[in-house]
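One structure is given here, and the rest of the page talks about it.
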Amino acid sequence: MSPANRTARISLTRYLVEQQREHGHIPAQLRLLIEVVARACKTIAIAVNKGALGDVLGTAGSENVQGEVQKKLDVISNEVLIEANEWGGHLAAMASEEMDSIHVVPNRYPQGEYMLLFDPLDGSSNIDVNVSIGTIFSVLRKIGHARGIAEEDFLQPGKQQAAAGYCVYGPQTTLVLTVGSGVAMFTLDRETGSWVLTAEQVQIPEDTREFAINMSNLRHWAPPVRRYIDECLAGREGPRGKDFNMRWVASMVADVHRILTRGGVFLYPWDKREADKPGKLRLMYEANPMAFIVEQAGGMATDGQRRILDLVPGKLHERVAVVLGSRHEVERVTRYHAETGGAA
Ligand code: P6P
């Protein structure tokens, strides 16, 4: 239901308070966590929007744990999220694509019940060319109550997430959030600096004519993916009996946001360029939060065979193949894998 039916502009704070009143599963610490992350995303949005006017473009002269060259904004965004979250008493520890190991809340601050994972700036290859990028975050509950916390405490399947969301820095700055009772979207009102509810109970259409994949990898895909895409390309004369469109932003946040908004299917499958890895995207802070959001919006998310949210992580930075979006398309891709027994 669009909140346009509501009379007042609903702020993020009011939305969270009303969700707690109606559903009772946004405890004070989780509400604080979400508001702190939302505020940090505003700070990141300001840095991103500076572009060439600020000292934020180009590379930072370092590499992350993935061996990828870090952009200045990758490092800035990571620091913003760490500094914003470590003092509030709502977190025990954080994990980030940009950090080799977990960041435990320093002893000078109280430890909270949650753990925050994030890709501070996803799609950073698009920064210097002014294409939409975003922040992705996932919230897990701390297991046990001992003060000590280790990487193993993060290795929970995605179905145990307490919340997930992303912020897309595009023509609009939009925060998308789920705490397990549907998906809501908030647009940043730059005149007041507040997040305003602009969509709630978002639903992904079960069918689509739009797929998102990096076509340059076509020759490297496993047969089930090749079959699915070939059938889409065959259009109305082919087995699908309809024409398809293709989009690829090379920024997962932007592609997923389009799918949430108008449907579609996103694939980053296994391919033989790095045959020893299941895929390019990271399970804990890219696939899991996006899968939680997509499922809460009536979509589906698998690795080509298994539900992503059921996968039990073995390592903090492990990768996974991703097929997500409109339910009937994801079911078809997953069926093709089952028929050949191949992973995505
Ligand atoms: P490629 C961005 O680097 C990212 O992690 C995702 O946001 C995006 O979907 C994918 O990689 C793009 O990968 O190989 O097309 O550049």
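The values are calculated or read from the model by the stated rules, or taken from the named source; none is laboratory data. Everything quoted here is computed from the prediction, not taken from an experiment. Cβ: placed from backbone, ideal geometry, glycine included. Neighbour counts: every protein chain shown. For accessibility, only protein heavy atoms count, side chains too; no ligands or nucleic acids. Shrake-Rupley method; radii C 1.70, N 1.55, O 1.52, S 1.80 Å.
Results, tabulated for the structure shown:
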{"read-out": "Accessible area of the chain belonging to carbon and sulfur atoms, whole % at 1.4 Å probe", "value": "50"}
{"read-out": "Two-decimal Rg to Rh for region 210-339 - Kirkwood Rh, Cα set", "value": "0.94"}
{"read-out": "Translational D in µm²/s for the chain (Stokes-Einstein at 20 °C, 1.002 mPa s, Kirkwood Rh from C-alpha pairs)", "value": "105"}
{"read-out": "Convex hull volume per residue for region 41-83, taking Cα atoms only, in Å³", "value": "71"}
{"read-out": "Of SER11, SER62, SER101, the one that fluctuates the most in a GNM where the chain has Cα springs shorter than 10 Å", "value": "SER62"}
{"read-out": "Cα-projected label distance for LYS315 with ALA275, points at 7 Å along beta-carbon direction, nm", "value": "1.9"}
{"read-out": "For ALA162, net neighbour charge (Lys/Arg +1, Asp/Glu -1) across residues whose Cβ lies under 13 Å away", "value": "+3"}
{"read-out": "Solvent exposure of the chain as accessible area per residue, Å², 1.4 Å probe", "value": "41"}
{"read-out": "Span per principal axis, largest first, for the Cα atoms of region 68-124 (Å)", "value": "33, 16, 15"}
{"read-out": "Calculated over region 3-200: convex hull of Cα atoms, volume per residue (Å³)", "value": "128"}
{"read-out": "With DNA, RNA and ligands ignored, accessible area of VAL202 (1.4 Å probe; Å², nearest 10)", "value": "20"}
{"read-out": "Extended-chain gain in nm, criterion 0.36 nm per residue less alpha-carbon gap, GLN20 and SER216", "value": "66.0 nm"}
{"read-out": "Solvent-accessible area of LYS272 with every protein chain in place, 1.4 Å probe, in Å² to the nearest 10", "value": "110"}
{"read-out": "About the Cα centre, charge dipole magnitude for region 1-71 (Lys/Arg +1, Asp/Glu -1 at Cβ), debye", "value": "400"}
{"read-out": "Only Lys, Arg (+1) and Asp, Glu (-1) charged, at Cβ; region 210-339 dipole about Cα centre in debye", "value": "120"}
{"read-out": "HN-Hα J in Hz across region 168-182 - Karplus 6.51, -1.76, 1.60, θ = phi - 60°, x for Gly and Pro", "value": "9, 9, x, x, 10, 9, 10, 9, 10, 9, 9, 10, x, 10, x"}
{"read-out": "Acute angle (nearest 10 degrees) that the helix 223-234 long axis makes with the longest principal axis of the chain, alpha-carbon atoms", "value": "70"}
{"read-out": "Where labels lie 7 Å past Cα in the beta-carbon direction, separation of TYR109 and LYS159 in nm", "value": "3.2"}
{"read-out": "Cα lying deepest toward the dipole's positive end in region 210-339, options GLN305, TRP270, TYR336, charges on Cβ", "value": "TRP270"}
{"read-out": "Principal-axis tilt of helix 12-23 within the chain, Cα atoms, nearest 10 degrees", "value": "80"}
{"read-out": "ARG247 versus GLU206: modelled label distance in nm, points set 7 Å from Cα along the beta carbon direction", "value": "2.2"}
{"read-out": "Rounded to 10°, Cα long-axis angle of helix 252-262 versus longest principal axis of the chain", "value": "70"}
{"read-out": "Calculated FRET efficiency for the pair ASP189/GLU231, C-beta based, R₀ 45 Å, to 0.05", "value": "0.55"}
{"read-out": "Charge dipole magnitude, Cβ of K and R +1, D and E -1 - the chain, Cα centre, debye nearest 20", "value": "600"}
